[in-house]
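Before I ask anything, here is the structure I am working with.
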Amino acid sequence: QVQLAESGGDSVQAGGSLRLSCAFSGAPSGPIYRSNHMAWFRQAPGQEREGVAAIDAGRGTTFYADSVEGRFTISRDNADHTLYLLMDGLKPEDTAMYYCAGTAPLVWVPPGRRLDRSAYAYWGQGTQVTVSS
């Protein structure tokens, strides 16, 4: 059974930085992390869950929401089965619960849907990020 576990959320001042981590474990036939597209989503109170950043299973191509482009960086370590989100220049509007997500293995998702929550089968429990002004 696939499990995703986020960590790294914290309370910071505007302009600060955080790095979120997501540990991926388990699969029907052993860890096959390399076959999963991965992404970070966030959800603020009273708002829809939105895609923030995504990264390919293969070449590591990245995708970002306009609101975080140039400030956030998604990366993955295929050896350690870990997904990261480096967040710089944090703003109060970045305050949200952040979730990591993964597609089912070997499933192709068109680039235009990489930040679409319906494309992702596996979800973590979330880690809270709070940015104060």
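Just to be sure I understand, how many residues within region 54-95 are under 14 Å from His37 (Cα atoms), without any contact (Cβ under 8 Å) to a residue 40 or more places away in the chain and hydrophobic (A, V, I, L, M, F, W, C)?
Of the residues in region 54-95, 2 are under 14 Å from His37 (Cα atoms), without any contact (Cβ under 8 Å) to a residue 40 or more places away in the chain and hydrophobic (A, V, I, L, M, F, W, C).
Has region 10-24 got at least one residue that is under 17 Å from Ser118 (Cα atoms) and in a strand (DSSP E or B)? Show your work before the answer.
Going through region 10-24, the residues under 17 Å from Ser118 (Cα atoms) turn out to be none.
Scanning region 10-24 turns up no residue that is under 17 Å from Ser118 (Cα atoms) and in a strand (DSSP E or B).
Pull out all pairs, ordered by first then second residue, where Cβ-Cβ is under 8 Å, the residues are six or more apart or on different chains, the first lies in region 96-121 and is on the phi < 0 side of the Ramachandran plot and of a type in the set (Asp, Glu), and the second is open to solvent by less than 50 Å² (accessible area, probe 1.4 Å) and modelled with pLDDT of 95 or more.
Note: pairs meeting the criteria are Asp116/Gly51.
Another question, if that's okay. Would you check which residues across region 114-133 are more than 14 Å from the chain's Cα centre (by Cα) and in a strand (DSSP E or B) and list them?
Thr130, Val131, Ser132
Still on this structure, I have one more. Would you mind finding the one in Ala39, Ala27, Ala14 that is touching a Pro at 6+ places or on another chain (Cβ under 9 Å) and at pLDDT 95 or above?
Working: Ala39 fails: touching a Pro at 6+ places or on another chain (Cβ under 9 Å); Ala27 fails: at pLDDT 95 or above.
Exactly one of Ala39, Ala27, Ala14 is touching a Pro at 6+ places or on another chain (Cβ under 9 Å) and at pLDDT 95 or above, namely Ala14.
One line per residue, one yes/no per condition, for (1) β-branched (Val, Ile, Thr); (2) assigned to a loop (DSSP other than H, G, I, E, B); (3) touching a His at 6+ places or on another chain (Cβ under 7 Å); (4) open to solvent by 60 Å² or more (accessible area, probe 1.4 Å):
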{"position": "Val68", "(1), (2), (3), (4)": "yes, yes, no, no"}
{"position": "Thr73", "(1), (2), (3), (4)": "yes, no, no, yes"}
{"position": "Asp80", "(1), (2), (3), (4)": "no, yes, no, yes"}
{"position": "Leu86", "(1), (2), (3), (4)": "no, no, no, yes"}
{"position": "Gly89", "(1), (2), (3), (4)": "no, yes, no, no"}
{"position": "Tyr99", "(1), (2), (3), (4)": "no, no, no, no"}
{"position": "Leu106", "(1), (2), (3), (4)": "no, yes, no, yes"}
{"position": "Val109", "(1), (2), (3), (4)": "yes, yes, yes, no"}
{"position": "Gly112", "(1), (2), (3), (4)": "no, no, no, yes"}
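Please find, within region 6-28, the residue that is most open to solvent (accessible area, probe 1.4 Å) out of those that are hydrophobic (A, V, I, L, M, F, W, C) and within 11 Å of His81 (Cβ to Cβ).
If we filter region 6-28 for residues that are hydrophobic (A, V, I, L, M, F, W, C), which is where we start, we get 12, 14, 18, 20, 22-24, 27.
Right, trim to within 11 Å of His81 (Cβ to Cβ) and you get 22-24, 27.
Numbers: Cys22: 1, Ala23: 51, Phe24: 11, Ala27: 16 Å².
Result: Ala23.
The values are calculated or read from the model by the stated rules, or taken from the named source; none is laboratory data. Only a predicted model underlies this, so the values are computations on that prediction, with no experimental measurement involved. When we count neighbours, we look across all protein chains shown, and the Cβ atoms used for this are built from the backbone with ideal geometry, even at glycine. Calculation scope for accessible area: heavy atoms of the full protein, side chains included, ligands and nucleic acids excluded. Shrake-Rupley method; radii C 1.70, N 1.55, O 1.52, S 1.80 Å.
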